[in-house]
1. Count of lysine pairs in chain A with Cα atoms under 15 Å apart, counting only pairs 8 or more residues apart in sequence or on different chains?
2. Hey, what's the Cα Rg ratio for chain B versus the globular rule of thumb, 2.2 N^0.38 Å?
3. When the chain is fully extended, how far beyond the present Cα-Cα distance does B:Glu224 get from B:Glu186, taking 0.36 nm per residue of separation?
4. I want to check the label-to-label distance for B:Ala22 and A:Thr34. Put each point 7 Å from Cα in the C-beta direction and report it in nm to one decimal.
5. Based on the Cβ-Cβ distance from A:Ser65 to A:Arg140, what FRET efficiency comes out when R0 is 35 Å, to the nearest 0.05?
6. Sketch the reach of a paramagnetic label on B:Glu103 as a point 7 Å from Cα along Cα-to-Cβ, and name the residues of region B:53-89 whose backbone nitrogen lies under 14 Å away.
7. Evaluate the relative contact order of region A:2-139 (contact order divided by residue number), counting alpha-carbon pairs under 8 angstrom at least 6 apart; express in whole percent.
8. What does the convex hull of the alpha-carbon atoms of region B:1-143 project to on average, in nm²?
Amino acid sequence: MNGPASILLIGCGALAREIIWAIEKNNWGHMELTCLPADLHNRPQHIPDAIRAKIRAAKATGKYSDIFAVYGDCGTGGLLDKVLEEEGVARIGGAHCYEFYAGSTVFEAMAEEELGSLYLTDYLVRFFDRLIIKGLGLDRFPHLRVDYFGHYKRVVYLSQKADNGLLEQAKAAARRLDLEFVHRPTGIGGIEMFLKSFPVRASEEGSERVLQEA
Amino acid sequence: MAENDGQVDGEDDVVLAELNDADLVAQMHDDLYDGLADEIAEGTNILLQRDWEPYKVLTEALVEGMRIVGIDFRDGILFVPEVLQSANAMKAGMAILRPLLAESGAPRMGKIVIGTVKGDIHDIGKNLVGMMMEGAGFEVIDIGINNDVDAYLTALDEHQPDILGMSALLTTTMPYMKVVVEALKEKGIRNDYIVLVGGAPLNEEFADNVGADAYCRDAAISVEIAKEFMSKRQGSAAAVGMAAQ
């Protein structure tokens, strides 16, 4: 540890493991993480207010010199960025975690290659049953698979860690949705680059709060 | 079925044909809420056999039932899977009514071309809106998913609708709505259409920014907004007609 935490990261729960991994790997003891529930992914309209509440609670402690959001826009249609701008908090660049894991250029190429791609991360593979199957009601109404995924062609598994168990689970998820399977290892480089940028970016960019990292 | 058959506990097993009209319609509202497609098809047929006009079956049994579903979705009591179940049940009724409605010359509210924008393959919301619009008496031309400007312009030219509806689920695709609206402006036809936009990440501010006429938060609201605009449009047309006389 490098001393007491002075930077607070507010992240999506779906990224918690990877953010902690990055912090520990790089010995960034000055960073502390707090997360919002990952299932807000299915209810993104609640994300901006939930983030605002976290930011204000953190500011009230007087404990942090800076706060950053490790969150994609995640379907908030720009409302998350509006809240972050009002609160003076920067976030990692990208529309969603798939983009900052894969990197914008690679992600755009994948989307162009096949628009009907369902992206899974380690987290989404690990909790596929809870978030996708139960979250979309497919456990109760399996026939709705066509309504949800009728236009999808493939699952693209963006893996953060090399883990054969997760890889097999991801393949099983694709079979369950009757989709083709593609594996693209990404690691956590996108998150690391963002966290590494803090000391310079935070002081240099001032009000230009959204950092384009991915 | 013999009397009381299947009613061991005195509940659940309702024989639709034995209900009077009011109770049958109320039961169909419940069945729509529960997403029971077979029961909705059966109830629809029973009402038709009782000489109900197809339009009356549509509005009083199906659309009213879906209105209730829409309210509970808006209030967070029902969620997307349940609404999809209800929609599929309504489709079962619509499949029976659609040809009859065409024959019987049911009232037409207007015509809408609706499609998901370029880069986006999501159509659950669009399909719900299309179904509710059809239920409300609109002629719906659904041009599907991943529509570029040319696809929209071609559909508008071919079908000459009153309304253009655009849908997007992704933050990354919703800006394309502005591209379409700008293309309409460039061609000088923007004001020929009521432009409605919808989709989970959208909001009213966004709709204003892209130059749409209105943001539609959900399927039920879409119908209300479309009716309101059509009413204004018809009022304007009448006023222009009177002024010309």
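1. 4
2. Ratio of Cα Rg to 2.2 N^0.38 Å: 1.13.
3. 10.8 nm
4. It works out to 5.7 nm between the two label points.
5. Efficiency, from the Cβ-Cβ distance: 0.15.
6. Correct set: B:53-55.
7. Relative contact order here is 23 percent.
8. Averaged projected hull area, Cα only: 10.0 nm².
Throughout, read-outs are computed from the coordinates displayed, never taken from laboratory work. Quantities reported herein were computed from a predicted structural model and do not represent experimental measurements. Cβ coordinates were reconstructed from backbone atoms using ideal geometry, including for glycine residues, and neighbour counts include every protein chain displayed.
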